[in-house]
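Peer 1: Handing you this structure, nothing more for now.
The values are calculated or read from the model by the stated rules, or taken from the named source; none is laboratory data. What you see is a predicted model, and the numbers here were worked out from it, not measured in a lab. Positions of Cβ are generated from backbone atoms using ideal geometry, with glycine treated the same way; all protein chains shown enter the neighbour counts. Note: accessible area is taken over every heavy atom of the protein model, side chains too, but ligands, DNA and RNA are not part of it. Shrake-Rupley method; radii C 1.70, N 1.55, O 1.52, S 1.80 Å.
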Amino acid sequence: MNLKALFALLALASPLPLAATTISVVPVYEPLSMHGTDVDDGITDTGEALQATVAARPMALTGAFPEVLLESIRSPHKFPSNNPNYTVEEVNLLVLCNIGIGAEVTEEGLKVRLNIANLTVPEDVDLTARQVLKLALVAIRKTLEEYQKPQTEPLKVAILIEGVNDGTASLKELETNYVLGQQ
């Protein structure tokens, strides 16, 4: 049996697909709480002085872009520290506040869904639900702006707030639409 025939036989017998995946290192912006620290971020992109910020961290990702970028905004995040008194285990506000995020590319453009059905702001996080969502919107936009830089076509973005109830219905007004990369 020649080598070509052997590879063909192995490919047919293999239960795993022989597809290659691309892993890209990209910046992902996250809404981060600075609770447990002694600093505020000054005036943030939301126009308020908060004990929170939006910051990028490099991530090695694979999957459908830009969807996977946005879903990665909700990754667990612990600040590294050299201080044994800093014991905060989680700082990503989407994780802390139980906010889901999903994205899909449709014929109309990119649809981003923030699900707030299980939204709860922990007591030690000195923010309102509205402030957390505004920070999430900034993180989404900054992540997409980085993604869009090398793209040649504009990207239409629609951000939807889902899972509202009587107590959170006013947060629907944060829904937004914009286009990145306009000529």
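Peer 1: Determine the dipole magnitude for the range 54-183: charges of +1 sit on the beta-carbon of Lys and Arg, -1 on that of Asp and Glu, nothing else is charged, the reference point is the Cα centre, and the result goes in debye to the nearest 20.
Peer 2: Result for the range 54-183 is approximately 300 debye, rounded to the nearest 20.
Peer 1: Can you tell me the relative contact order of the range 103-183? Whole percent, Cα pairs under 8 Å, sequence separation 6 or more.
Peer 2: 37
Peer 1: Treating the beta-carbon of each Lys and Arg as +1 and of each Asp and Glu as -1, no other charges, what is the dipole magnitude of the range 54-128 about its Cα centre, to the nearest 20 debye?
Peer 2: Its charge dipole is roughly 160 debye.
Peer 1: Taking the Cα centre as origin and putting +1 on Lys and Arg beta-carbons and -1 on Asp and Glu beta-carbons, what dipole magnitude results for the range 85-138, to the nearest 20 debye?
Peer 2: So the magnitude is around 200 debye.
Peer 1: Separate question: Please tell me which of these pairs span more than 24 angstrom C-alpha to C-alpha: Lys78/Lys149; Lys111/Lys134; Lys111/Lys172; Lys78/Lys142?
Peer 2: Lys78/Lys149
Peer 1: For the range 106-112, in order, what is each residue's ³J(HN,Hα) by Karplus, 6.51 cos²θ - 1.76 cosθ + 1.60 with θ = phi - 60°, in whole Hz (x at glycine and Pro)?
Peer 2: Values per residue, Gly and Pro as x: 10, 4, 7, x, 8, 9, 10 Hz.
Peer 1: Work out, step by step, the length gained on full extension between Ala56 and Gln182: first 0.36 nm times the residue separation, then minus their alpha carbon distance; give nm to one decimal.
Peer 2: Length difference between fully extended and current span is 43.0 nm.
Peer 1: Once you sort the root eigenvalues of the Cα gyration tensor of the range 45-183 as a ≥ b ≥ c, which label holds: rounded (a/c under 1.5), prolate (a/b larger than b/c) or oblate (the other case)?
Peer 2: Oblate, since a/c reaches 1.5 and b/c is not below a/b.
Peer 1: Which percent, nearest 5, of DSSP beta bridges in the range 48-183 are antiparallel?
Peer 2: Given both bridge residues lie in the range 48-183, the antiparallel proportion sits at roughly 65 percent.
Peer 1: Considering the options Val132, Asn98, Thr120, tell which one lies farthest towards the positive end of the dipole of the range 92-144, charges being +1 on Lys and Arg and -1 on Asp and Glu at the Cβ, about the Cα centre.
Peer 2: The residue sitting most towards the positive pole is Val132.
Peer 1: PRE reach from Glu107 (point 7 Å along Cα→Cβ): which of the range 156-183 fall under 19 Å by backbone N?
Peer 2: Flagged as within label range: 156-158.
Peer 1: In percent, how large is the relative contact order of the range 50-161, given Cα pairs closer than 8 Å and 6 or more residues apart?
Peer 2: 27
Peer 1: Would you mind classifying the range 44-99 by shape? Square roots of the alpha carbon gyration tensor eigenvalues, ordered a ≥ b ≥ c; an a/c under 1.5 is rounded, otherwise it is prolate if a/b is larger than b/c and oblate if not.
Peer 2: Taking the square roots of the gyration eigenvalues as a ≥ b ≥ c, the range 44-99 is oblate.
Peer 1: Follow-up. Ignoring ligands and nucleic acids, what accessible area does Lys149 show with a 1.4 Å probe (Å², nearest 10)?
Peer 2: 140
Peer 1: Please list, by residue number, every one of the GluC sites (Glu not before Pro) in the range 123-164 that is coil in DSSP and has at most 16 other beta-carbon atoms within 10 Å.
Peer 2: When the GluC sites (Glu not before Pro) of the range 123-164 are filtered for loop state and at most 16 Cβ neighbours within 10 Å, Glu123 remain.
Peer 1: A further question follows. Cα gyration tensor of the range 130-183, axes a ≥ b ≥ c as square roots of the eigenvalues: rounded (a/c below 1.5), prolate (a/b > b/c) or oblate?
Peer 2: prolate
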